[in-house]
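Structure record follows, encoded as structure tokens.
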Amino acid sequence: MSTQILMPALSPTMEEGKLAKWLVKEGDEVHSGDILAEIETDKATMEFEAVDEGRIGKLLVAEGTEGVKVNAPIAELITEGGEAQPVAAVSAPAPVAAPKQEVKATAPTPVATAALIEPSVPDGTEMVSTTVREALRDAMAEEMRRDPDVFLIGEEVAQYQGAYKVSQGLLDEFGAKRVIDTPITEHGFAGLGIGAGFAGLKPIVEFMTWNFAMQAIDQIINSAAKTRYMSGGQMHCPIVFRGPNGPASRVAAQHSQDYSSWYAHVPGLKVIAPYFAADAKGLLKAAIRDPNPVIFLENEIVYGKSFPVPKLDDFVLPIGKARVIRPGKDVTLVSYSMGVALVLEAAEELAKEGIDAELIDLRTLRPLDTDTVIESVKKTNRIVTVEQGWPVASIGSEIAAQVVEKAFDYLDAPPARVNGKDVPMPYAHNLEKLALPTVEDVVAAAKAVLYR
Amino acid sequence: MSDPSVVEGDGVSTAPAPNSTTLKKFYHDMLLIRRFEEKAGQLYGMGLIGGFCHLYIGQEAVVVGMQNALLPGDQVITAYRDHGHMLATGMDPKGVMSELTGRAAGYSKGKGGSMHMFSAEKNFFGGHGIVGAQVPLGTGLAFANKYKENGAVTLAYMGEGAANQGQVYESFNMAELWHLPVLYIVENNRYAMGTSVERSSAQPDFYKRGQSFNVPGESVDGMDVEAVFEAGRKALEFVRGGNGPMILEMKTYRYRGHSMSDPAKYRTRDEVQSIRDRKDPIDQFGKKLVDRDLVTEADLKAVDKEIRLIVNEAAEFAIEAPEPDASELYTDVLA
């Protein structure tokens, strides 16, 4: 008899991958533990081992094939002396979809794409499709070329090329003096980076994820954010703390938290949370040049997405500016980071029902560009905030308060908030889905403020 | 700051051995801290200094011995019992006292207070209020020294109480791993607020606390300024020579409470008095100077008189100086 070997999921967020290389050929005997193939995920090239013993029948997916879905059959294994069946005879089960609650908006819709171009980019600038991961790496590399005082420090940033491959190639270009692997010691290396900042260097401190930065939050707030004030302006700390923030996929409560409102609360910090690759690049470059401590919140699920990035020698965006990514007249949808994927898709759904939504990507959470939000509300008279973080004391809470304070007379409905649910992130697939905001939630909230 | 450095046989710069002038300076610097702190305690009692105020009285030999062993360009960072460190680096007593009274003329424009003071000019990096947090920060200053290849060493002070914080060991590990030019000074004054070393520390020999990271350490009589200077000079030479970090445990004692509001019921009055009588760093060192015919009793009295004048002037200045302008509330938050 024969069984199917399926494309494996090799990371929490993997949905598809490249079958880079077969290490077995048809007819080979394999034992459990033998390496069958090399599979490239969005983060790394992984070896894929046999589980069962038998003989390789047909290889169903050719070497070098990209975009092989998780759980798609990639080979047949003949066990207990069975014979290979003709491929056509194999009733391949429909590939089971990988968890994809946050990944629905795989690419911006055509409407939004037009608005992706930063207004400050000159007409006719060539746009290059770039992943967010590459955009972040390019931003660091460009700034490191420009300023010898900039260095990158964190866990697995050098030899491993980044736990999420964001620092790929930096060690080769800049050497071990400027790309520094640390022990697992978040509190220690955050403090060390801040001290180096006091001494005039410009550290980029990578946290493997922001969840682990809670070990270091005393240093970030008490030492980085407050020292300029406490020293009467004598001490400076030009430092960037960066890494993936917010829920990833199926990693449960301790690895799925959005820290946006935590850091946005603190005077002395700047806080950036981009969604698009161009913003990731232009704002990370700005963050590295900024003389203040900057919290740079990335998102693991967005790392692999491609967006157009302007081909310019030195593309730097201003910190503290939100952007209207799609103009509209009926309702304002405000979001940042992964929430932008939700509002982009929700806007399409709403358009089908004749509702013209204006979309704002905050991009920076501190200082918050309330002017752009207020201007929009004055036009649409209705607002919905969308974020993955918990609802209590959230970014949405702050925006709702500001809108009520500054544009109360313009509101035709109370501001609405769409947030993650007020619970620790559950592991079970169905519960996780319930805990996170969805496109349907956004559509429902938008219709509610329109009384429709 | 010390006299111009001398270069030892192995090519590493070090502070010169003390002569009669430097020995007299040790006495002067220690007494300045003692009288300044006595005055600060007095102003606190009058309500002119607010909040927490941690006095350095009893520990003067540590900071004076170490500071005089430093070379120009070296940096200092410590926790919140920091007035002595600031005066030792040469910061102006008027500026320090004005910060204590919360005035615009203070080193932090009155926004930092007793625990948070800095001087970029004197390479004094604070003044930090969170126990142990200054240790990774100091390790980062040393990281920058190595990165810039400037030959400077960072002194990172901590109390023996801070030496039980996890981040201290994270720092030891990184400093040894990367051979950073940092000298850790553990000021063991026997009590972490009200908790004695015996009640808090499984390994009470703090100079051994780096052993599992291969960081060498040495125990020093922190009540003897000459012993501190000599140990500091040797340790700085070791660290400056690219050998990685080192720990000096200074056995010392504080006479006053942990802060001004601490009644210090956890030890007897006899214990404090006995140390004052036998070990006081200033009295003992003054006697030595007289015994060696370097000074007379009259000379020491003259030094005291001169210092009392400096301290009184600083206090008067700090009382008269205006509070920060209300507009300062919003300055220095961001660059």
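Structural remarks
- Neighbour-limited loop hits for chymotrypsin sites (Phe, Trp or Tyr not before Pro), region A:397-452 (at most 14 other Cβ within 10 Å; DSSP other than H, G, I, E, B): A:Tyr427, A:Tyr451
- Percentage, to the nearest whole number, of Cα pairs in the protein assembly as shown over 43 Å apart: 41 percent
- Ellipticity estimate at 222 nm from DSSP helix runs (n ≥ 4, -39,500 (n - 2.57)) divided over the protein assembly as shown, nearest 500: -10000 deg cm²/dmol
- In this simple spin-label approximation, B:Asn312 and B:Val333 carry label points 7 Å from Cα along the Cα→Cβ vector, and these lie 4.4 nm apart.
- Restraint check, A:Lys406/B:Lys109; A:Lys177/A:Lys285; A:Lys18/A:Lys270; A:Lys226/B:Lys122; B:Lys109/B:Lys301, Cα-Cα greater than 27 Å: A:Lys406/B:Lys109; A:Lys18/A:Lys270; B:Lys109/B:Lys301
- Estimated dipole of the protein assembly as shown in Debye, rounded to 20 [Cβ of Lys and Arg +1, of Asp and Glu -1, Cα centre]: 1820 debye
- Alpha-carbon Debye profile of region B:219-275, log10 I(q)/I(0) at 0.20, 0.25 Å⁻¹: -0.79, -0.96
- Equivalent-ellipsoid semi-axes of region B:270-335, from the Cα gyration tensor, Å, largest first: 40, 18, 12
- Here's the list of aspartates and glutamates a cross-link from A:Lys352 could span, going by alpha-carbon distance under 19 Å and ignoring same-chain residues fewer than 8 apart: A:Asp330, A:Glu440, A:Asp441.
- Checking every one of the GluC sites (Glu not before Pro) in region A:272-355 against DSSP loop status and a limit of 16 other Cβ atoms within 10 Å picks out A:Glu353.
- Calculated log₁₀ intensity ratio I(q)/I(0) where the Debye formula runs over C-alpha points of chain B, q = 0.07 Å⁻¹: -0.27
- Per principal axis, descending, Cα span of region A:299-448 in whole Å: 45, 44, 33
- Sparse-neighbour loop sites [trypsin sites (Lys or Arg not before Pro); region A:131-216; at most 16 other C-beta within 10 Å; DSSP]: A:Lys177
- Given in Å, the Rg to one decimal and the Dmax to the nearest whole number for the Cα atoms of chain A are 23.8, 80.
- Dipole size of chain A about its Cα centre, with +1 on Lys/Arg Cβ and -1 on Asp/Glu Cβ: approximately 1480 debye, rounded to the nearest 20.
- The simple spin-label model puts a point 7 Å past each Cα toward its Cβ; for A:Ala20 and A:Ser120 those points are separated by 3.7 nm.
- Residues in region B:167-205 reached by a label modelled at B:Val272 [backbone nitrogen below 18 Å; 7 Å Cα→Cβ]: B:189-197
- Relative contact order computed over region B:111-155 (Cα-Cα under 8 Å; 6+ residues apart), in percent: 23 percent
- Distance violations [Cα-Cα > 18 Å] among A:Lys69/A:Lys281; B:Lys39/B:Lys94; B:Lys25/B:Lys288: A:Lys69/A:Lys281
- Exposure proxy order (Cβ contacts within 10 Å, fewest to most) of A:Trp210, A:Trp262: A:Trp262, A:Trp210
- FRET efficiency, 1/(1 + (r/R0)^6) with R0 60 Å, evaluated for A:Ser306 and B:Arg292 via beta carbons: 0.15
- Here region A:185-322 is described by how far its Cα atoms reach on the three principal axes: 43, 40, 24 Å, from widest to narrowest.
- Chain A: relative contact order in percent, alpha carbon pairs under 8 Å with at least 6 residues between: 13 percent
- Mean separation of Cα contacts under 8 Å (6+ apart) over length of chain B, as relative contact order %: 22 percent
- Residue by residue along B:106-112, Cβ atoms of other protein chains within 10 Å of the local Cβ number 5 on average.
- Once the convex hull of all Cα atoms in region B:63-175 is built, its volume per residue stands at 95 Å³.
- Scanning chain B for GluC sites (Glu not before Pro) lying in DSSP loops with no more than 14 further Cβ atoms inside 10 Å, the longest uninterrupted stretch between such sites is B:150-335.
- Annotation: lysines with alpha-carbon distance below 24 angstrom to A:Lys421 (same-chain offsets under eight excluded): A:Lys100, A:Lys104, A:Lys433, A:Lys447.
- Computed FRET value (nearest 0.05) for A:Asp147 with A:Lys177, which takes r as the C-beta separation and R₀ as 22 Å: 0.95
- Placing unit charges on each Cβ (+1 for Lys and Arg, -1 for Asp and Glu) gives region B:281-322 a dipole about its Cα centre, and among B:Ala321, B:Thr296, B:Ile310 the Cα reaching farthest toward its positive end belongs to B:Thr296.
- Mean projected area of the convex hull spanned by the Cα atoms of region A:241-372, taken over all viewing directions: 9.3 nm².
Every number here is computed from the coordinates shown, using simple stated rules; none is lab data. Predicted model only: the values in this text are computed from it and were never measured. Please note: Cβ atoms are built from the backbone with ideal geometry, for glycine as well, and neighbour counts cover all protein chains shown.
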